[in-house]
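Below is one structure; the comments refer to it alone.
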Amino acid sequence: MSTSKLRVQGLNCADEAAELRQTIGKLPGVRELSFDDLRGLMFVDHDESVASTTRLMKAAAGMRAEIWRDDALKTVAATDDGRWWRSTLTVTRGVCLAAAFACD
């Protein structure tokens with residue numbers, strides 16, 4: 001038995017986890033599934049000779065799945081400028097709203 005960590009795009013709530021549990025959990029060789037909804041990760045205990053990691057990724061219920069590496073979070077955080085801009089805009093809006101209330 002081996003454990004595969006897969007990053008699944010679109011995995012952010014129990015509904016997607018249930019859908020993945022129905023499709024991947026029924027594959028031969030899959031022993032156990034667990035999920036980290038906050039990071040979009042799926043952990044699969046499986047027999048690699050029966051249910052390969054490639055097969056698991058293809059069976060991900062129409063969601064894009066890729067092998068997760070522990071250092072991948074650093075790479076994503078370093079290259080995701082969109083997240084930085086969204087945070088900056090949110091803070092700026094909050095400051096502007098507070099200033100509007102203070103001036104009123």
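FYI, it's all coordinate maths here, none of it is from the lab. A quick note: this is a predicted structure, and the numbers were derived from the prediction, not measured.
Descriptive notes on the structure:
- Per-residue HN-Hα couplings for segment 90-104 [Karplus 6.51, -1.76, 1.60; θ = phi - 60°; Hz; x = Gly/Pro]: 5, 5, 4, 4, x, 5, 5, 5, 5, 5, 5, 5, 5, 7, 6
- Note on segment 1-72: Cα-only Rg and Dmax are 10.8, 30 Å.
- Across segment 28-72, the mean sequence separation of Cα contacts (distance under 8 Å, 6 or more residues apart), normalised by length, yields a relative contact order of 30 percent.
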